[in-house]
Ligand SMILES: *[C@@H]1O[C@H](CO)[C@@H](O)[C@H](O)[C@H]1NC(C)=O
Ligand SMILES: *[C@@H]1O[C@H](CO)[C@@H](O)[C@H](O)[C@H]1NC(C)=O
Ligand SMILES: *[C@@H]1O[C@H](CO)[C@@H](O)[C@H](O)[C@H]1NC(C)=O
């Protein structure tokens, strides 16, 4: 897979907007002493005020505090969603009064909310309502899932889904012919789990005008049989030939998706996510902006935002976050060569925004580390928190550079094997070897680490 296609698909810059529910008060996090390099805002007013009466006392639990001076406690007192006190029951009980509710946990474990450092929240919610192909390890099962979806679909409507990984059934790439006879009246589009390719059935190919005469677009491949007929697989920018024919998700669908994904996250103890939005190779950079106003701001205003979200936007739209009066036409970035990447990283420096660059594979990581290093050597050290997304496959020596340069290594452990064959040649594909190499070398480097699921590319099933 082309290195620059991977990088250009995925350059994003952060907008420092954090949505949060008042219930998850920052003091809660503060009292649990989470690592201070995270972006948790602490309003000064909340530090001085200390309500004295608990509305809830939780007892008889194994409460992990992340605080070295008291790593575990069995009770805690809570007021208005905020932890007032942790300790033994009699100590905590001092803050109780007549109306205080008491909850006996019967020895259950309590931990601070998890932070998932890399998700695509709305896309994940939409995916939950679609054909779910994660973990499918047999061709028959793949076909059965589509059959089931067709049964519930109206004639002519698109059947969408994804998450398949051909490595799980031995490597053979799926073909339109697997599903053509069961989907004669419905166009079908099924993403691979990494989002870099997908399978269309023949109805979908026809509808989007893809035939043996269609040329491969730059940065993409229409996979073909020896006779030159499209097999149904479209790789990278070839997906652009089809995606415009899929009807847009309505505002309501996207809102429901956010709420559904949020509930799913909360049920698994995830209370904060870093969200890279619905930005994929081949889709418009406008999508994150539409989601921002249609969905996130709606959820925030209507008190439906139940988790904290740190939302990233495509780098090519960064000027909207911080427009330059003297460069109104600079909307940058058509092709992402490393010089352009360097230039745009330098430019967004001036805005003070956090830069995150996706780089899958050892060479891509080295290249981005070089770019970050030159930015720092030109502009000097400061607190930038540069991130590299998908820092799973690193060349020997690269982990140490993350530590030395203070670059946040954003790792999605579930991709370790998924990306392994396409992304790197230098290490073997033995999972244990890769995991231990990655974690040992990153931990030894003292690099700031951010762990994410890349949901829905990888489901989190804790
Ligand atoms: C309960 O916690 C308080 C405050 O830390 C301490 O002074 C007290 O000795 C503890 N009581 C017991 C029974 O451990
Ligand atoms: C493309 O397909 C059409 C219809 O199946 C066929 O007639 C034509 O010969 C094919 N062209 C090439 C270049 O393979
Ligand atoms: C990068 O910036 C330099 C200095 O402003 C400029 O000379 C160069 O043409 C830029 N390169 C690209 C590819 O835009």
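Scan the range 107-123 for residues that are closer than 26 Å to residue 259 by Cα and assigned to a loop (DSSP other than H, G, I, E, B) and jot them down. Show your work before the answer.
As a first pass, look at the range 107-123 and keep what is closer than 26 Å to residue 259 by Cα: 110-123.
Of everything in the range 107-123, those that are closer than 26 Å to residue 259 by Cα and assigned to a loop (DSSP other than H, G, I, E, B) turn out to be 111, 112, 113, 120.
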message: On the basis of being within 20 Å of residue 410 (Cβ to Cβ) and modelled with pLDDT under 65, does residue 345 make the cut?
response: no
query: Pick from the range 211-222 the residues that are away from ligand 2 (no atom under 14 Å from the Cβ) and surrounded by 18 or more Cβ atoms within 10 Å (Cβ to Cβ): which of them is farthest from residue 197 (Cα to Cα)?
result: 219
message: Against the conditions (1) without any contact (Cβ under 8 Å) to a residue 40 or more places away in the chain; (2) more than 31 Å from the chain's Cα centre (by Cα); (3) away from ligand 1 (no atom under 16 Å from the Cβ), where does residue 150 fall short? Just the number, please.
response: (2)
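Count, please, the residues in the range 65-79 that happen to be buried (at least 20 other Cβ atoms within 10 Å of the Cβ) and either touching a helix residue (DSSP H, G or I) at 6+ places or on another chain (Cβ under 6 Å) or closer than 22 Å to residue 100 by Cα (or both). Lay out the reasoning, then the answer.
First, the residues of the range 65-79 that are buried (at least 20 other Cβ atoms within 10 Å of the Cβ): 65, 73, 75-78.
Add one more test, that the residue is either touching a helix residue (DSSP H, G or I) at 6+ places or on another chain (Cβ under 6 Å) or closer than 22 Å to residue 100 by Cα (or both), and what stays is 73, 75-78.
Within the range 65-79, residues that are buried (at least 20 other Cβ atoms within 10 Å of the Cβ) and either touching a helix residue (DSSP H, G or I) at 6+ places or on another chain (Cβ under 6 Å) or closer than 22 Å to residue 100 by Cα (or both) number 5.
A quick yes/no check of all residues on (1) assigned to a strand (DSSP E or B); (2) away from ligand 2 (no atom under 16 Å from the Cβ); (3) at pLDDT below 90; (4) in contact with a strand residue (DSSP E or B) (Cβ under 7 Å, 6 or more places away or on another chain):
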site	(1), (2), (3), (4)
33	no, yes, yes, no
36	no, yes, yes, no
40	no, yes, yes, no
54	no, yes, no, yes
69	no, yes, no, no
90	no, yes, no, no
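Being under 21 Å from the mean Cα position of the chain (by Cα), assigned to a loop (DSSP other than H, G, I, E, B) and at pLDDT below 85, is that true of even one residue in the range 422-437? Walk me through how you get there before you give the answer.
From the range 422-437, those under 21 Å from the mean Cα position of the chain (by Cα) are 422-423, 435; that's our starting set.
Keeping just the survivors that are assigned to a loop (DSSP other than H, G, I, E, B) gives none.
Within the range 422-437, none of the residues are under 21 Å from the mean Cα position of the chain (by Cα), assigned to a loop (DSSP other than H, G, I, E, B) and at pLDDT below 85.
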- request: Give the range 92-106 a look and list any residue that's on the phi < 0 side of the Ramachandran plot and not in a strand (DSSP E or B), or say none.
  value: 92, 93, 94, 95, 96, 97, 98, 99, 100, 105
- request: State which residue pairs qualify: first residue closer than 13 Å to residue 190 by Cα and inside the range 216-239, second residue part of a loop (DSSP other than H, G, I, E, B) and away from ligand 1 (no atom under 16 Å from the Cβ) in any location, beta carbons under 7 Å apart, and separation of 6 or more residues or different chains.
  value: 232/175; 232/201; 233/173; 234/242; 235/196; 239/281; 239/282
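Kindly provide the set of residues from the range 227-244 that are in contact with a strand residue (DSSP E or B) (Cβ under 9 Å, 6 or more places away or on another chain), part of a helix (DSSP H, G or I) and under 22 Å from residue 124 (Cα atoms), ordered by number. Working first, answer last.
From the range 227-244, those in contact with a strand residue (DSSP E or B) (Cβ under 9 Å, 6 or more places away or on another chain) are 230-243; that's our starting set.
Among the residues that remain, those that are also part of a helix (DSSP H, G or I) are: 237-241, 243.
Those that are in contact with a strand residue (DSSP E or B) (Cβ under 9 Å, 6 or more places away or on another chain), part of a helix (DSSP H, G or I) and under 22 Å from residue 124 (Cα atoms): 237, 239, 240, 243.
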statement: Among the residues of the range 171-189, the number that are away from ligand 2 (no atom under 16 Å from the Cβ) and over 14 Å from residue 141 (Cα atoms) is 12
- request: Test residue 215 against the criterion of being assigned to a loop (DSSP other than H, G, I, E, B) and either more than 16 Å from ligand 3 (Cβ to nearest atom) or within 23 Å of residue 153 (Cβ to Cβ) (or both), and give yes or no.
  value: yes
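Mind telling me which of the residues 109, 143 ends up being more than 16 Å from ligand 1 (Cβ to nearest atom), modelled with pLDDT of 95 or more and either farther than 30 Å from residue 287 by Cβ or over 31 Å from the mean Cα position of the chain (by Cα) (or both)? Outline the logic, then answer.
Details: 109 fails: modelled with pLDDT of 95 or more.
None of the other options fit; the residue is 143.
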message: Going by what's in this entry, would residue 126 be described as modelled with pLDDT under 95 and in a helix (DSSP H, G or I)?
response: yes
message: Let me confirm something: among 256, 248, which residue is part of a helix (DSSP H, G or I), modelled with pLDDT under 95 and within 28 Å of the chain's Cα centre (by Cα)?
response: 256
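Hey, does the range 274-283 have a residue that's surrounded by fewer than 15 Cβ atoms within 10 Å (Cβ to Cβ) and away from ligand 3 (no atom under 16 Å from the Cβ)?
Going through the range 274-283, the residues surrounded by fewer than 15 Cβ atoms within 10 Å (Cβ to Cβ) turn out to be none.
Within the range 274-283 (the criterion being surrounded by fewer than 15 Cβ atoms within 10 Å (Cβ to Cβ) and away from ligand 3 (no atom under 16 Å from the Cβ)), the answer is no, since none of the residues qualifies.
The values are calculated or read from the model by the stated rules, or taken from the named source; none is laboratory data. Worth saying up front: this structure is predicted, and the values here are computed from it rather than measured. Heads up, the Cβs are rebuilt from the backbone with ideal geometry, glycines too, and the neighbour counts pull from every protein chain shown.
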